[in-house]
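Bear in mind these aren't lab numbers, they're just calculated from the coordinates by the rules spelled out. Just so it is clear, the model here is predicted, and its values are computed rather than measured. Cβ sites come from the backbone with ideal geometry, for glycine too, and all protein chains shown count toward neighbours.
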Amino acid sequence: MSLLDFNFDPSVTFEPSSSTKQFGMFTRKAKRAFEFNFPGMFNTSHLNLTILGFVMIFVVEGFATVLAHSLAVNVIAIVIAIFVDVILAVLSHLFHSKIIINKNQQIFSDEGIRVKLKTQVSPLITYKNLFYLLILLSGVFKFWLFYIGYLSVDFICVGIFLCYIIGALLHISCTGYLLYTMYFAIKIHSEFQAYESSGMTRYIYDVNSPLRTIIDSEIHLNEAQRGEHKVKLLKYDDNRREYCFESCGIMNDSDLNFLISRQSSPAQRIIVAKFGVKHQFTNLNLGGLRLAQ
């Protein structure tokens, strides 16, 4: 069982709070591809690589800074800039959750809503990229602080430059993801402990009231089930079939991928993928978050 992937044992009736589910959107997602590419929602991907990348920041920048100090370069400002990078990386990641939510909503929205969503997400991506640019400039600034104390162009100089640029790129790709994932892990583990200590009476879903999302499809779909999550035939009369997604708890990305893979044709997979994302989206319980209408 992996809490960070919203992957719970079928016998566990735990469901995190809406705020924790939404905070899970800050973690790294793996894009999924069937007949089209679409962003993930309820899985945390490549966490080990993210941790490794974060550790490597302090290896490469620490090496460069210690070397600079051994060459009689004043490194106080460089050390301060390294910690400023962490702050910039955290600020750049503030927009990640809304970007992920927006891109998922685009999957099942009609063309008019999709245009509005793209308009809404564009400035968020721009703000994020501006912080990324500041992190890269900080890497250049740290090198410049080294250079004005070293005043020589050689292999050491080039190596120091590469270390700080690599450090900046690792901050961009790892720092925000890791720090937000750590906080998300604290939130979800706290709620799971409350679920267990309460005798499974808190943070629990009602097995008798599954979440349903009607699938608007004129073509036949294959019924499928994974754990508590189903593509289900609701009714069949006068040669018309009506299907739905039905879930108890959270249908994560792996669950949805399985249900999509049970479909035989590209047309079936597209329908199940789109309405599956809509089903996941509904489970987020977004409340007052402003969305395109």
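Computed quantities for the displayed model
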| item | result |
| --- | --- |
| Residue tally, condition more than 23 Å from Phe42 (Cα to Cα) and surrounded by 13 or more Cβ atoms within 10 Å (Cβ to Cβ), over region 221-242 | 5 |
| Those strands (runs of 3 or more DSSP E) lying entirely in region 180-293 with at least 1 residues among the polar types (S, T, N, Q) and more than 29 Å from Thr119 (Cβ to Cβ) | 224-226, 240-247 |
| Index of the failed condition, Val55 passing every other in (1) assigned to a helix (DSSP H, G or I); (2) without any contact (Cβ under 8 Å) to a residue 12 or more places away in the chain; (3) under 30 Å from Ile271 (Cβ atoms) | (3) |
| Tally, over region 227-260, of residues that are in contact with a helix residue (DSSP H, G or I) (Cβ under 8 Å, 6 or more places away or on another chain) and at positive phi | 1 |
| Leading residue by the ranking (farthest from Ile57 (Cα to Cα)) among those in region 135-179 that are of a type in the set (Ser, Thr, Tyr) and assigned to a helix (DSSP H, G or I) | Tyr150 |
| Conditions (1) crowded, with 17+ Cβ neighbours inside 10 Å; (2) within 20 Å of Asp5 (Cβ to Cβ): number failed by Phe258 | (1) |
